[in-house]
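> Pasting a structure here, questions to come.
Taken together, the values in this text are just the output of simple stated rules run on the coordinates, not laboratory data. Here the structure is a predicted model, which means the values were calculated and not measured. Neighbour counts are summed over all protein chains in view; Cβ atoms, including those assigned to glycine, are modelled from backbone coordinates with ideal geometry.
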Amino acid sequence: MAEIRIRNTNERIQGEENVRSFLERQEVLYEHWNPSKLAAELQEKFILSDDEKQQILNTFDSEIRDLAGRRGYRTWDVIALSDATPNLDELLKKFEQVHTHTEDEVRAITAGKGIFIIKGSDDVGYFDVELEAGDVISVPENKPHFFTLMENRKIVAVRLFIETEGWIAHPYSDPSFQKA
């Protein structure tokens, strides 16, 4: 279940309804899908064949299509990251820069853990959203943020897009951003 840490105060927000309510106030969509729907052999697998990625998409097809229908997403895929991913550290450096997009950044976590660092309202500042299997988040277009892995350095997620080109980041310079 997702957990939030507000960086300015180190306050933690836990519990699905509390997390959803906080994120809603920050204009971030949060949902929870049932991660146990996924075949047991895929729940802790981070190196995936194309067939296994398709199996994940098939498993969550109704949830994906429901979300896509409500939010206008037109394409989706599966990303898997782990220490086995070639050039993982270089890839993370690309992700770990505060940026924006001209469309929502959507992730439905199916295995592992990840964290979005998001710029909230002026009274909140930056906050971390720690995600695990079943958590679904949509960071709205033009909202400064970045994504990285947590200490286990493993994640599998469904990504949904409006633009068929996929993930396109626009750097965002912010002197108020604090790294820790």
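> Largest first and in whole Å, what are the equivalent-ellipsoid semi-axes of the range 3-167 based on the Cα gyration tensor, each being the root of 5 times an eigenvalue?
Taking √(5λ) for each Cα gyration eigenvalue gives 24, 18, 16 Å.
> Here's something else I'd like to know. Once R0 is set to 22 Å, what does the formula 1/(1 + (r/R0)^6) return for the Cβ-Cβ distance between N152 and R5, expressed as a FRET efficiency to the nearest 0.05?
0.80
> Sort 101-109, 141-149, 16-24 for me by packing, meaning the mean count of neighbouring Cβ atoms within 10 Å per residue, highest on top.
Peptide ranking by packing, descending: 101-109, 141-149, 16-24.
> Within the set of other residues whose C-beta is less than 10 Å from the C-beta of T102, count the net charge using Lys and Arg as +1 and Asp and Glu as -1.
-4
> Further question on the same structure: Straight distance only, please: which lysines reach the Cα of K53 with their own Cα at less than 29 Å, same-chain residues fewer than 8 apart left out?
K37, K45, K93, K94, K113, K143, K154
> Going by average Cβ density within 10 Å per residue, which order do the peptides 91-100, 129-138, 112-121 take, highest to lowest?
Answer by packing, highest mean first, reads 129-138, 112-121, 91-100.
> Projecting each Cα onto the charge dipole of the chain (Lys/Arg +1, Asp/Glu -1 at the beta carbon, about the Cα centre), which of Q55, G69, Y172 comes out farthest on the positive side?
Positive-most Cα among the choices belongs to Y172.
> Now, a different point. Between the range 126-162 and the range 87-101, what is the C-alpha centre distance in whole Å?
12 Å
> Can you compute the charge dipole magnitude of the range 70-180 about its Cα centre, using +1 on each Lys and Arg Cβ and -1 on each Asp and Glu Cβ, nothing else charged? Give it in debye, rounded to the nearest 20.
Dipole size: approximately 200 debye.
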